[in-house]
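Below is one structure, written out as structure tokens; comments come after it.
The values are calculated or read from the model by the stated rules, or taken from the named source; none is laboratory data. Keep in mind that what you see is a predicted model, and the values were worked out from it rather than measured. Positions of Cβ are generated from backbone atoms using ideal geometry, with glycine treated the same way; all protein chains shown enter the neighbour counts. Remember, those area values only see protein heavy atoms, side chains included, never the ligands or the DNA or RNA. Shrake-Rupley method; radii C 1.70, N 1.55, O 1.52, S 1.80 Å.
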2 protein chains.
Amino acid sequence: MEIRKPIPVADAVMHIMNHVKKLGAETIVLEQSIGRVLAEPIVARHSVPPFNRSPYDGFAIRAEDSKGASGDNRLEFTVIGEIGAGYVGERPVEKKEAYRIMTGAQIPTGADAVVMFEQTVETESGFTVRKPFETGENISFKGEDAAEGDVLIVEGTLIHAGTIALLATFGYAEVSVYQQPVVGVLSTGTELLEVTDELVPGKIRNSNGPMVKAQLTRAGVPFKEYGTTKDDLDACTKLVERALEETDALITTGGVSVGDYDYLPTIYERLGATVLFNKVAMRPGSVTTVAVLGDKFLFGLSGNPSACFTGFELFARPALLAMMGNRAPYLPHLKAYLAEDFTKPNPFTRFVRAVWKLTENGLAAAPAGFNKSNAVSSIARGNCLIVLPSGTRGYSAGDEVDLLLIGSEQGAKDWVL
Amino acid sequence: MEIRKPIPVADAVMHIMNHVKKLGAETIVLEQSIGRVLAEPIVARHSVPPFNRSPYDGFAIRAEDSKGASGDNRLEFTVIGEIGAGYVGERPVEKKEAYRIMTGAQIPTGADAVVMFEQTVETESGFTVRKPFETGENISFKGEDAAEGDVLIVEGTLIHAGTIALLATFGYAEVSVYQQPVVGVLSTGTELLEVTDELVPGKIRNSNGPMVKAQLTRAGVPFKEYGTTKDDLDACTKLVERALEETDALITTGGVSVGDYDYLPTIYERLGATVLFNKVAMRPGSVTTVAVLGDKFLFGLSGNPSACFTGFELFARPALLAMMGNRAPYLPHLKAYLAEDFTKPNPFTRFVRAVWKLTENGLAAAPAGFNKSNAVSSIARGNCLIVLPSGTRGYSAGDEVDLLLIGSEQGAKDWVL
């Protein structure tokens, strides 16, 4: 039997990331840019606010005209018109004059302070004030939020709702983003049935294919479906060859162990692909294999569903996000205390699907399926991975552990474990 | 001027959630169910594993035949065939016989233990072992992961990649999910330009509309676009009326303050809508107004972009998720220490867009734009909201604060702040 040498998870991640080639840029319309990655920085194309504006509903005055006002000496202003948001004053404000002005409206020429409604008493032709106002009082100045030319968001940032607001503000009707990789998904295994099939002896339905496609969707990466294939070396080789012509990366599930029908290693050899690693010191997923052929990736994930899930999140996801230019392609990292004992020691790093929760004692992480009876549902119930380093002892409830968040829009710049 | 009475944020949330009517169920195909909410529990339709199976590549034997084996007394087995994953043995295993068996394959009749390859020495017609095996050794038993009939995931759960795997396993080619609300988005304000427009004096581009649509997309809620409208009472009333006929909820931005052209309050009155609240003790977004007309919601978000963003996440998002059946509609809650002083006291609860990060001292939250120069980009840079309760003092770096996570797939069942 072939003996494989396991490498640490961090090394496996680095081997992959060192082979990532960022894809080129393309220009798309703003509405379609959610989930894409900026290939250009967001620059303030104009000052924000673009003009001096009123942050309140009130009256725009010349501050000097309020000098000397007091409770005993209310000073009166004449209102010469109104400026709603979106309008501009028709003429400059002169001595003892005021424009009624609405939130967001441009301060009229001549005026240099805003008096809020509640600071006034109405009169027939205007209002009075009981205190002096300073130059600039209650004014949002042009450029105070951002000055024209400021780089506000760097290239390589994921576009989400907040980013969209900024792009819209500056008139980025089109935006330059990195191209997305096209990823093929192929499930291998003679035991695999379709989701629509009835169970028959010895067979199970293919859950890895639909799961990986959902993981890709969650990561914002488009895919091409290559279905399921039996463990047939020649047929499978042809399918992988074709898929590699049509995609930037191919994710296969199954066929990477050392069984008689685990053909992926042979296929990599036939194609002349370079295997980056074929054994990782982790559970589950130690047989995860990643190969490259030119700039194209072959992610050989395990056929075991939880190993497949973990292999995708740890290895395929950051590579694909980095291909589409994302500078923060890793799962976010938190610390928590372990909510239950995990007594089984392991020579490999263990990734446990878990649920994190804020408790009175801080962040707690409870495995979503340590008990065998929960094994199959743990993949659906977890919202994070507990990372338990390899060692000769188990872990106790209360031990501090590392967590990697699943299903989070934000990413981390570095792999820290 | 109208005096509004501010209510606490928690009360505002409860007023809204008490009016939510869950939508009906519909059946859709599995591939389209990502991001939807289960209207039925996921039940184990069969045992998992569905049959006794081998967790390793090795040989299936009768344990009793290995009795007495030792280093000095290796016992030999004859291999009568091979069972790859997806196949079944052709005949029962008899005395001193074995099937070569692959990971995931069904244990053949008669066999009750699996010997791993590395525990054997090959012979001409089979292999020898040097230790006895126990009944059940190295066998994954039918039903040990889940027993037929087990409720694995409850109704009201968001469908994500892990859920998809479980649904596929049990042959849920179609799945019953809650209907999605259709949400209208209408930006009001005479000052609003389109993203494609050049700036002109007194005007700004509409960033709230695109942002809210992106927030809806992130929450998995479809929308109908109603564009922008000037502050024209009659035109705006007609548009709101039409939108309410076509949608389950209408989100407007702007027009909810007490300025001369803030027409939404008047429109609610004209329509006969019940205003749940029109002032919340929060910054930004104190003017956020929510009204209901029958089962339909009118979310009147502020025209200020950060208030609009926050109002959506705190009020519209949980209501819409609850309409589509999600039992965990709130933003997840964490605690962190404040990375910077925030000295300005406030009589209202303050929601500050911030970036959380794990540091040596635990989770830190740094405001994404306390400084005015960052105000406009903070909406694009934050990944959470810091919640600073109202009070007469400010906050210091190191103070423990509450965080609400933005852009997280998981949700929280309860509003805890």
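Quick notes on this one:
- Average accessible surface for segment A:333-405: 43 Å² per residue, computed with a 1.4 Å probe over protein heavy atoms with every protein chain in place.
- Teacher prompt: residue B:135 distances to equivalent labels in other copies, 7 Å Cα→Cβ, nm: 9.8
- The calculated FRET efficiency for the pair residue B:130 and residue A:396, based on their C-beta separation and a Förster distance of 35 Å, comes to about 0.45.
- In nanometers and ordered shortest first, the copy-to-copy spacing of the residue B:15 label point, defined 7 Å from Cα toward Cβ, is 6.0.
- Estimated inter-spin distance, residue A:2 and residue A:40, nm [label 7 Å along Cα→Cβ]: 4.8
- The lysines whose alpha-carbon is closer than 18 Å to the alpha-carbon of residue B:5, local same-chain residues fewer than 8 away aside, are B:279.
- Fully extended contour minus Cα-Cα distance, from residue B:199 to residue B:94, at 0.36 nm per residue: 29.2 nm
- Inter-label distance for residue A:31 and residue B:21, nm, one decimal - labels placed 7 Å from Cα along Cα-to-Cβ: 3.0
- Accessible area buried between chains A and B, both sides summed, probe 1.4 Å, in Å² to nearest 100: 6900
- Efficiency of FRET between residue B:270 and residue A:82 - r from beta-carbon atoms, R0 30 angstrom, step 0.05: 0.85
- Degrees between helix A:233-246 axis and first principal axis of chain A (Cα, 0 to 90, nearest 10): 20
- Largest GNM mean-square fluctuation among B:111, B:365, B:319, using chain B with Cα springs under 10 Å: B:111.
- Within a straight-line Cα-Cα reach of under 23 Å, residue A:413 can be paired with the following lysines, leaving aside sequence neighbours fewer than 8 residues apart in one chain: A:21, A:22, A:296, A:335, B:335, B:357.
- Cβ-derived FRET efficiency at R0 45 Å, residue B:11 paired with residue B:141, nearest 0.05: 0.25
- Paramagnetic label zone (point 7 Å from Cα along Cα-to-C-beta, residue B:235; backbone N under 12 Å) in segment B:189-226: B:189-192
- For chain B, calculated [θ]222 nm from helices alone, where every DSSP H run of n ≥ 4 adds -39500 (n - 2.57): -5000 deg cm²/dmol
- Shortest-first distances to equivalent copies, position residue A:391, nm, label 7 Å out along Cβ: 3.7
- Counting only residues at least eight positions apart within a chain, or on another chain, the aspartates and glutamates with an alpha carbon under 13 Å from that of residue A:213 are A:225, A:313, B:31.
- Cβ nearest the rotation axis (A onto B), residue from chain A and distance to the nearest whole Å: A:408, 3
- Highest-MSF residue in chain B out of B:42, B:386, B:61 [GNM, Cα springs under 10 Å]: B:61
- Looking at the protein assembly as shown, the DSSP beta bridges with both ends there are about 70 percent antiparallel.
- GNM top mover of A:287, A:195, A:355 - chain A, alpha-carbon springs below 10 Å: A:195
- The mean number of partner chain beta-carbon atoms within 10 angstrom of a residue's beta-carbon across peptide A:131-142 is 0.
- Relative to the longest principal axis of the Cα atoms of chain A, the long axis of helix A:9-18 makes an angle of roughly 70 degrees.
- Among beta bridges that DSSP assigns inside segment A:58-129, antiparallel share in %, nearest 5: 75
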